[in-house]
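This report refers to the structure that appears directly beneath it.
Every number here is computed from the coordinates shown, using simple stated rules; none is lab data. Being a predicted model, the structure only gives us computed values, none of them experimental.
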């Protein structure tokens, strides 16, 4: 099949869950015999097109890098028509809201191609994330900013509600997302298919056993408020009174890095916290292998971060927040623990349980590895997408 995808970002734009999922699914679809092209926003260095692992990527350089807008809509439509004229597409698939205009546009152009939208999150999720941040703020400004975002996301939620229902198939990345699409967007159950996101399990594998003394905690995240790294810092502050040899490794970068370093200093835990900064995907496995427990105290509602799957594949117990789609990945008490939103005491309690019971931590790590291999590989993700395509095209 000739598959044309739309996405705001690809790995050339930087690290992130969306770009990893899109590119992993695309390259695995190529491996099983399909032709895949991806239309995306301007390349940071001006590249117009390239082929990576058999995937043809088109960068629209009249657009803003990683941003939507009238320029993106116009040029993306032109590129789609141009590609379809040269080699007709069998499926057009937008990742997220990148090409939410697809069904109406194709109808206006008289082009009959099945359309699919994958929703890794929705504006409803963004709205709830803003509420989470507002109720667990790092500063007073967070409350003001989140209040403004709530109104914006509510408007966008209402604007996209009808347009999502126009697609031939709507892909949810978890059962929780499926229910949001049914209950908040009124999408027919017959139109929704759950396709779980996956990771490259050849890259992420089991690591060392837990240390006999002390404990090493790991956070891998973009450093902004909704990812909850500030909550991890407060938990470590409490733990330094109970565990002498403790360290928190924070991998990632973002606008809050300076604030988080300042917070660590104010809490008196700078000697226990190490800010690594950005790490390439190929170097991440070593950080997972070297930690004892992976922390993800996120406030972000939509989906589940790929980092928890990477940690699970690496054989590490995961402690994350009981919101969004995280219960799909973590069965609390089996692969790790789910904690209450923004609850520092709950997070501390769960860390102490694993610190005091290393066999439980090891068992959870093994359970997580098994679960990822069974449910969350990039190969399975691509195969499930292929089944969706075949059903729509009747091929």
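At a threshold of 8 angstrom on Cα-Cα distance, excluding pairs fewer than six apart, so keeping six or more, what relative contact order does the chain reach in percent?
15
A convex hull fitted to the Cα coordinates of the stretch 93-229 yields 165 cubic angstrom per residue. When averaged across all projection directions, what area in nm² does the alpha-carbon convex hull of the stretch 155-285 cover? Convex hull of Cα atoms, orientation-averaged projection: 11.8 nm².
Extent along the principal axes, Cα only, for the stretch 215-375: 42, 31, 28 Å, with the longest axis given first. Gain on full extension, evaluated as 0.36 nm per residue between residue 265 and residue 104 minus their Cα-Cα distance, stands at 52.6 nm.
Look at the alpha carbon pairs under 8 Å that are at least 6 residues apart: their mean separation over the length of the stretch 215-375 gives a relative contact order of 24 percent.
Counting helices only, and only those DSSP H runs with n ≥ 4, report the 222 nm mean residue ellipticity of the chain as the sum of -39,500 (n - 2.57) divided by its residues, in deg cm²/dmol to the nearest 500.
Taken over the chain, the calculation gives -14000 deg cm²/dmol.
Within the stretch 222-265, the ratio Rg/Rh, alpha carbon atoms throughout and Rh by Kirkwood, equals 0.98.
Taking every alpha-carbon pair in the chain and binning the separations at 10 Å intervals from zero gives 5, 22, 32, 25, 12, 3, 0 percent.
Note on the chain: GNM, Cα springs under 10 Å; of 77, 374, 358, the largest mean-square fluctuation is that of 374.
Beyond 13 Å, the tail of the calculated P(r) for the stretch 155-216 holds 71 percent of the Cα pairs. Considering only beta bridges that DSSP places wholly inside the chain, some 10 percent are antiparallel.
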